[in-house]
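Working notes, structure below.
The values are calculated or read from the model by the stated rules, or taken from the named source; none is laboratory data. In this text the structure is predicted, and so the values were computed from the model without any measurement. With ideal geometry, Cβ positions are generated from the backbone for all residues, glycine too; neighbour counts draw on all protein chains shown. Accessible surface is based on the protein model in full, side chains and every heavy atom, while ligands, DNA and RNA are left aside. Shrake-Rupley method; radii C 1.70, N 1.55, O 1.52, S 1.80 Å.
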Amino acid sequence: MNPVLTAIKNRRSVRQYRPEQITKEELDAILEAGMWAPSSHNSQPWHFTVIQDPAKIKQLSDETKKILATSEIDWVRKIGLSDRNIFHGAPTVVIVSGHQGDSFEPIVDCAAAIQNMLLAAESLDIGSCWNGLVRFYFNTEAGRKFVPLPEGYIPYYAVSLGYKKVPNGPGPQRKGIQINYL
């Protein structure tokens, strides 16, 4: 099968990582894949902040969980009250931010960059997980200040990266055909 289609079908959200750090070459390849994503009017509004300091990753998890613990959404509150790290022990976390004003929809462009990074990671047999929970923290003043960014950028999401502790299992069943033709 085509290697791109294989990566798409094999990719899973990984929540168990080995402790050793991924190589700089692997990280650079994943970040470069993100930079090759499509964007509206080729605006390329993304900015990537790499965190590999375990104390900073823990701080980001802990601060996010404080916000999650106050949520009115039951499953979100439960995560906030749990003792787990929201990055599941990943040794690398990449914060994906978008520039306001450079793009029609910077959050959509950044989502495309994230998908490229997830697929690149899978192609290198590196585990990854797109983390939307950090948005709860990034939507606060303290959260926006946590990530030092150039003027005009807003942090959106995080991507955890690391070597997989266990191989990917089979994917969930697809919902069936959701296609129509005109």
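Would you check which residues across segment 116-134 are in a helix (DSSP H, G or I) and either of a type in the set (A, V, I, L, M) or modelled with pLDDT under 95 (or both) and list them?
Met117, Leu118, Leu119, Ala120, Ala121, Val134, listed by residue number.
Which one of these is touching a residue at least 24 places away in the same chain (Cβ under 8 Å) and either out of contact with any helix residue (DSSP H, G or I) (no Cβ under 7 Å at 6 or more places or on another chain) or farther than 21 Å from Ile86 by Cβ (or both): Lys145, Lys175, Lys164?
Result: Lys164 is the single residue among Lys145, Lys175, Lys164 that is touching a residue at least 24 places away in the same chain (Cβ under 8 Å) and either out of contact with any helix residue (DSSP H, G or I) (no Cβ under 7 Å at 6 or more places or on another chain) or farther than 21 Å from Ile86 by Cβ (or both).
Among (1) of a type outside the set (Val, Ile, Thr); (2) in a strand (DSSP E or B); (3) over 11 Å from the mean Cα position of the chain (by Cα), which single condition is Asn85 missing?
For Asn85, the exception is condition (2).
Is there a residue being among the hydrophobic types (A, V, I, L, M, F, W, C), assigned to a strand (DSSP E or B), under 20 Å from His88 (Cα atoms) and open to solvent by less than 10 Å² (accessible area, probe 1.4 Å) anywhere in segment 135-154?
No.
Could you please tell me which pairs satisfy a Cβ distance under 9 Å, a separation of 6+ or placement on different chains, a first residue in segment 42-56 that is at pLDDT 95 or above and assigned to a helix (DSSP H, G or I), and a second residue that is of a type outside the set (Phe, Trp, Tyr) and open to solvent by less than 80 Å² (accessible area, probe 1.4 Å)?
Once the first residue is at pLDDT 95 or above and assigned to a helix (DSSP H, G or I) and sits in segment 42-56, its partners that are of a type outside the set (Phe, Trp, Tyr) and open to solvent by less than 80 Å² (accessible area, probe 1.4 Å) give Pro54/Pro91; Lys56/Val93.
Limited to segment 14-45, what total is found for residues that are open to solvent by less than 50 Å² (accessible area, probe 1.4 Å) and of a type outside the set (A, V, I, L, M, F, W, C)?
7
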